[in-house]
Amino acid sequence: MIEINSSSENRTEMTTAIGLAIMQWQDATQAYDEAVGLRLGLNMAERHCIGLLHGGPQSAGAIATATGLTPAAVTALIDRLEARGLLTRTRSLEDRRKVVIEATEATRDLSARYYGTIAREGERVIATFSEAELATISRFVNAALDLQRAQLARLKAEGSDIRGQ
């Protein structure tokens, strides 16, 4: 854990410590997600799809956009996860041409088993902060998320750089 003592560190040191802590948090999160995927036999795209479904039903197109997969690859991914009982595929009631993808009870059970403790303990950590601190944390997290998304969009717009690096 990286300790930040504002009374003894200057702004530059604090900023550096926060940046390092965020990198370590990202690495720890990725390592945990990969370990869960290995245990469950799920690749990164499959985990990403299931994560999207945690927020509610999605269209196949939304899954393709979020994962960066082609429509054919998303169809194959959905086929695999459906065969394992981890999602269902139904026709949209509003537009019969569209398919709605939903998590199953089995998916919710796996999510609770592997991520429930993290969520509950995270809620306990969040409860230790004042409303003012939470407002600052929320502002930071949302700004960092916007920055990350903008940089990802920029990187994708640049295209592949494998040619000569």
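The values are calculated or read from the model by the stated rules, or taken from the named source; none is laboratory data. Everything numeric here is computed off the predicted structure, so don't read it as measured data. Neighbour counts are summed over all protein chains in view; Cβ atoms, including those assigned to glycine, are modelled from backbone coordinates with ideal geometry. When the accessible area is computed, the model is the full protein with side chains, heavy atoms only, and any ligands, DNA or RNA have been set aside. Shrake-Rupley method; radii C 1.70, N 1.55, O 1.52, S 1.80 Å.
Restricting 66, 62, 72 to those that are closer than 26 Å to residue 28 by Cβ and out of contact with any Ser or Thr (no Cβ under 9 Å at 6 or more places or on another chain) reduces the list to 66.
If you check residue 36 against the conditions, is it under 28 Å from residue 142 (Cβ atoms) and either of a type in the set (D, E, K, R) or open to solvent by less than 50 Å² (accessible area, probe 1.4 Å) (or both)? So that I can check it myself, show each step before the final result.
Values: under 28 Å from residue 142 (Cβ atoms): yes; either of a type in the set (D, E, K, R) or open to solvent by less than 50 Å² (accessible area, probe 1.4 Å) (or both): yes.
So residue 36 fits the description; yes.
Every residue, every condition in (1) within 29 Å of residue 142 (Cβ to Cβ); (2) hydroxyl-bearing (Ser, Thr, Tyr); (3) within 15 Å of the chain's Cα centre (by Cα), yes or no:
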| residue | (1), (2), (3) |
| --- | --- |
| 32 | yes, yes, yes |
| 52 | yes, no, yes |
| 85 | no, no, no |
| 89 | no, no, no |
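Within region 47-57, being in contact with an Asp or Glu (Cβ under 8 Å, 6 or more places away or on another chain) and open to solvent by 40 Å² or more (accessible area, probe 1.4 Å) holds for 47, 57.
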